[in-house]
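Student: I am attaching a structure below and will ask some questions about it afterwards.
Nothing in this text is a laboratory measurement; each read-out follows from the coordinates by a stated rule. Keep in mind that this is a model prediction, so the values were computed, not measured. Note that each Cβ is placed from the backbone with ideal geometry, even for glycine, and that neighbours are counted across all protein chains shown.
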Amino acid sequence: MEFQFPQGFVWGSATAALQIEGATREDGRGDSQWDVFCREHPERIWQQATPDLACDHYHRWAGDVALMKALGHTGYRLSIAWPRIIPDGTGAVNEAGVAFYRRLFAALIEAGIEPNVTLYHWDLPQPLARAGGWENPATMDAFLRYARVCFEAFGDQVKLWATFNEPSWSTLNGYVTALHPPLKHDYRAAVQVAYTLMVTHARTVALFHGLGGDGKIGIVQNMCPVYPATDSPRDAEAARIADAVYNRWFIDPALLGRFPEDAVELYRRNHILPEMRREDLDMVAADSVDFIGVNYYFPHYASADATETLFGLNTSGNRDEDCHFSIKGLFKFVRNPKGRYTDWAWEIYPPGLRDLLARAHRYRPGLPIYVTENGIGAQETLDADGTVDDQYRIDFVREHLEVIHGAIADGMNVRGYYMWALMDNFSWLNGYKKRYGFLFIDRETMRRVPKKSAFWYREVARRNGF
Ligand code: NOJ
């Protein structure tokens, strides 16, 4: 075998509650901001899709766990729906919601699959969203209470926790590009929320460690490496700023215990720096994660030639349609003319993952790292023989695993890999069009059909390499 992984390396896949559970109005679950957004802005989502049914995992979880087991998974990354546990965000705990996850975790453990659980994967309870969401400091308190409820209810079953999923992506899309709820384009609010999320993260880590259990806690970050578009000094500067805004604002507090000085300066100059209270900064400095989750899909190339402010995600699945992220006078992301691209115009660039792992390792040498998401979205249908021949997904995963293998050989402490996703799911603005799963979901019948990649991965997991 060419690529043998260390013993105990976790072979898994990932999902998120809103994207697979469905049953959005069952057993006392409250609305999340995404349920309401889909209802109020159906035109923004492909085919007016909603998460109401999703993959019906809420009812089919036992079969899904059995499938994971059959596919040789040793780990599974999932999220808890806050509105299932505390339906209105602040009030009574919904015992039916707690019972659902207890059953699910028990089945996973019984199947030899270790749950890696994210507390917040963007499904903010709607009453909190209506009251100002993460701009309102009360949301931080509500989250801390929710986190405590989860730690106490599931701490005996769950040993790997993550506070937030991709705080950078949710902040930028919620408050800069105005593509995700709350659909704002407000730099001041963006920086305030980005700050509050990282302080909330730090407080949650301290809370967790204070409870003294035997679990570990981390955060899941989308770390898009940012490269200069050309070798000009202006583009190098644009890349540095973009990296500060996009990545370092979120990674530095979590791993180094401080916000990056260049971003602080940028925000101060533009009069959008929130009040940074001593007690918050002390909290950020005081405690730290036990591991870092890295989500990696594609890199960015920054150009200084940003003459307009323009945002847009490719939601067509047509690779000629560019994604746009350009802030006038600051930086804009451009396409790599030599790059390989997916149908959603995301570049396939495995060495980017190496750069991210190296950064995490450089920041905190030896810190356990999990690749908590990595995968490729495609439009897929069942072949005539009733299967899906997704060789491109096998190639994608294999190339990234090779990079991880190299990183481990060079001393980086990468402990596991969770392919995004276990199954095709509600892919936010792309609805059900963009399929990511090992399991194909027949949208008519909800039948799960393992794709060719699922069988390939089963062998990789079984042999602990390839
Ligand atoms: C990252 C997000 O965490 C996940 O929810 C999403 O579906 C994937 N990216 C793919 O876009």
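Student: What are the ³J(HN,Hα) couplings of segment 310-325, residue after residue, when phi is run through the Karplus curve with 6.51, -1.76, 1.60 and θ = phi - 60°? Round to Hz, x for glycine and proline.
Tutor: Going residue by residue, I get 8, 9, x, 9, 6, 10, 9, x, 10, 5, 7, 7, 7, 8, 10, 8 Hz, with x marking Gly and Pro.
Student: Within 10 Å, count the other beta carbons around each residue, average over each peptide in 435-444, 106-115, and list them highest first.
Tutor: Packing proxy ranking, top to bottom: 435-444, 106-115.
Student: In square nanometres and to one decimal, what's the mean projected area of the convex hull around the Cα atoms of the chain?
Tutor: If I average the Cα hull's projected area over directions, I get 20.6 nm².
Student: Continuing with this model, one more query. Charges on Cβ only, +1 for Lys and Arg, -1 for Asp and Glu, centred on the Cα centroid of the chain; of TRP82, LEU313, THR387, which one is farthest towards the dipole's positive end?
Tutor: Among TRP82, LEU313, THR387, the one farthest towards the positive end of the dipole of the chain is TRP82.
Student: May I ask for the net charge around ASN94, where only other residues with Cβ less than 10 Å from the Cβ of ASN94 are counted and Lys, Arg are +1 while Asp, Glu are -1?
Tutor: Result for the neighbourhood of ASN94: -1.
Student: Please go through segment 178-231 and write out the trypsin sites (Lys or Arg not before Pro) that DSSP classes as loop and that have at most 12 other C-beta atoms within 10 Å.
Tutor: none
Student: Same structure, new question: Which one of ALA49, ALA138, ALA23 has its Cα pushed farthest toward the positive end of the charge dipole of the chain, where Lys and Arg give +1 and Asp and Glu give -1 at the Cβ?
Tutor: ALA138
Student: Oh, and also: Which GluC sites (Glu not before Pro) in segment 313-403 sit in a loop by DSSP (not H, G, I, E or B) and have at most 16 other Cβ atoms within 10 Å of their own Cβ?
Tutor: Answer in residue order: GLU321.
Student: Turning to a different aspect of this structure: Expressed in whole Å with the largest first, what are the equivalent ellipsoid semi-axes of segment 235-300 derived from the C-alpha gyration tensor as the square root of 5 times each eigenvalue?
Tutor: 21, 20, 8
Student: Continuing with the same structure: Grab every C-alpha pair in segment 190-241, bin the distances at 10 angstrom width from 0 up to the longest one, and report whole percents.
Tutor: 20, 29, 26, 17, 8, 0
Student: Enumerate the amide H contacts of HIS300 below 5 Å, restricted to partners 5 or more residues apart or on another chain; note that Pro and chain-start residues carry no placed amide H.
Tutor: VAL226, TYR227
Student: Quick check for the chain: number of Lys pairs with alpha-carbon distance under 17 Å, counting only pairs 8 or more apart or on different chains?
Tutor: The number of close lysine pairs in the chain is 5.
Student: Right, another one. Can you give me the Rg/Rh ratio for segment 124-281, using Cα atoms for both radii and the Kirkwood formula for Rh?
Tutor: 0.99
Student: Tell me, what is a quarter of the convex hull surface for the C-alpha atoms of segment 252-360, in nm² with one decimal?
Tutor: 8.9 nm²
Student: Compute the signed sum of charges (Lys and Arg +1, Asp and Glu -1) over the other residues within less than 13 Å, Cβ to Cβ, of VAL65.
Tutor: Charge balance near VAL65 sits at +1.
Student: Further question: Quick one: Karplus J couplings for segment 296-301, per residue in order, coefficients 6.51, -1.76, 1.60, θ = phi - 60°, nearest Hz, x for Gly and Pro?
Tutor: 10, 10, 7, x, 10, 10
Student: So what's segment 371-454 giving for Rg/Rh, alpha carbon basis, Kirkwood Rh from the mean inverse pair distance?
Tutor: 1.04
Student: Would you mind computing the Rg to Rh ratio of segment 55-154 from its alpha-carbon coordinates, Kirkwood style for Rh?
Tutor: When Rh is taken as the Kirkwood radius, the ratio is 1.02.
Student: Long-range amide H contacts for GLU373: which residues qualify at under 5 Å (H placed 1.01 Å from N, peptide plane, sequence gap of 5 or more or a different chain)?
Tutor: VAL294, ASN295, TYR296, TYR418
Student: So who's got an amide H within less than 5 Å of the one on ALA162, skipping anything under 5 residues away but keeping other chains? H placed 1.01 Å off N, in plane.
Tutor: Long-range HN contacts for ALA162: VAL117, THR118, LEU119, GLY218.
Student: I'd like to know which of TYR101, PHE3, ALA14 lies farthest towards the positive end of the charge dipole of segment 1-114, counting +1 on Cβ of Lys and Arg and -1 on Cβ of Asp and Glu.
Tutor: The residue sitting farthest along the positive end of the dipole is PHE3.
Student: To continue, here is another question. Report the net charge of residues surrounding ARG364, where surrounding means a beta-carbon distance below 15 angstrom and charges are Lys +1, Arg +1, Asp -1, Glu -1.
Tutor: Local charge sum for ARG364: +3.
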